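Taking it in order: structure first as structure tokens, then the write-up.
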Amino acid sequence: MSDRIDAYRIKLYQDEVARCMHRLFDEGHMNADGLAEVSVIDRESGIVVTSIKPGFIGVREVDDYHGTDMAVLDLDGNPVYDITPANDNADLAIAIFKARPEVNAIIHSYPIYCGLFANNARPIPFAFVEQGYITDFDYSTGFSTDVVTTPPSHTQEYFDEVIEKFHGTQFVLLKDFGSVAVADNVDNALNYLAWMEEVCQKIVRAEMIGEIQWIDE
């Protein structure tokens with residue numbers, strides 16, 4: 001492809017990342033510090049577009065981000081453009097992209113109710129039909145979503161555990177590090193995040209009332 005076509009394609013992916021960041025912010029999926037990262041990949045070129053390092057651009061709200069503010073990397077993590085730096089966890093996204101060729105979009109965020117499970121190293125048990133959206137319902141495991149319990153690090157060992165604990169699904173919890181949702185596009189990844197946050201919220205509130213009957217067959 002020509003440089004002009006490449007630039008046009010990259011801009012489309014930058015706009016998708018910015019749009020997803022806007023949705024995360026507007027729909028309340030960012031924590032009080034505005035922390036969340038979105039990454040997408042162009043499988044044809046191997047270009048990865050990811051959200052910028054927090055605080056790099058002097059905007060008051062995430063909703064003010066534009067597509068051209070998003071960082072552009074190759075699959076080795078090298079910047080294609082030197083204009084904006086990638087977020088500090090872009091290497092995790094790249095590791096997932098390399099291991100999961102069906103994945104084109106990744107959201108790393110810190111949802112409140114999912115975080116209660118993640119930080120207690122507690123997998124999400126089967127309780128609601130919404131969980132069927134992110135798993136094939138292998139009831140023998142006793143859970144729909146697993147937890148990475150190793151302390152977060154920028155090591156291949158940590159990345160490998162994250163990939164393993166997905167168990168081929170679209171969602172995983174990270175102890176002391178939020179959660180990761182993956183999908184073929186940013187909207188589906190955000191849907192998985194929203195669904196699982198709702199599941200966790202329902203479980204937490206139900207447990208305040210009484211004993212829950214889990215799905216086990």
Checklist outcome for this item: Exception for Glu198 within (1) assigned to a loop (DSSP other than H, G, I, E, B); (2) of a type in the set (D, E, K, R); (3) over 20 Å from Ala90 (Cβ atoms) falls at (1)
Checklist entry - Is there a residue in the stretch 100-119 that is more than 18 Å from Leu173 (Cβ to Cβ), within 13 Å of the chain's Cα centre (by Cα) and part of a helix (DSSP H, G or I)? => result no
Item to check | Selection count, the stretch 16-59, where residues are modelled with pLDDT of 85 or more, over 16 Å from the mean Cα position of the chain (by Cα) and open to solvent by 60 Å² or more (accessible area, probe 1.4 Å) | outcome: 3
Checklist entry - Which is open to solvent by 10 Å² or more (accessible area, probe 1.4 Å), modelled with pLDDT of 90 or more and either touching a Phe, Trp or Tyr at 6+ places or on another chain (Cβ under 8 Å) or not basic (Lys, Arg) (or both), of Ile112, Ile96, Ile83? => result Ile112
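Matching residues to (1) farther than 25 Å from Val17 by Cβ; (2) surrounded by 20 or more Cβ atoms within 10 Å (Cβ to Cβ); (3) modelled with pLDDT of 90 or more:
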position	(1), (2), (3)
Val129	yes, no, no
Gly142	yes, no, no
Thr155	yes, no, yes
Phe171	no, yes, yes
Leu174	no, yes, yes
Phe177	no, yes, yes
Ala194	no, no, yes
Arg205	yes, no, yes
Checklist entry - Which condition breaks for Lys165 when tested against (1) within 15 Å of Arg122 (Cβ to Cβ); (2) surrounded by fewer than 18 Cβ atoms within 10 Å (Cβ to Cβ); (3) free of Cβ contacts under 8 Å to residues at least 24 places away in the same chain? => result (2)
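The values are calculated or read from the model by the stated rules, or taken from the named source; none is laboratory data. What you are looking at is a predicted structure, and each value in this text was computed from that prediction instead of being measured. Cβ atoms come from the backbone with ideal geometry, glycine included; neighbour counts cover every protein chain shown. Surface accessibility is based on the protein's heavy atoms, side chains included, excluding ligands, DNA and RNA. Shrake-Rupley method; radii C 1.70, N 1.55, O 1.52, S 1.80 Å.
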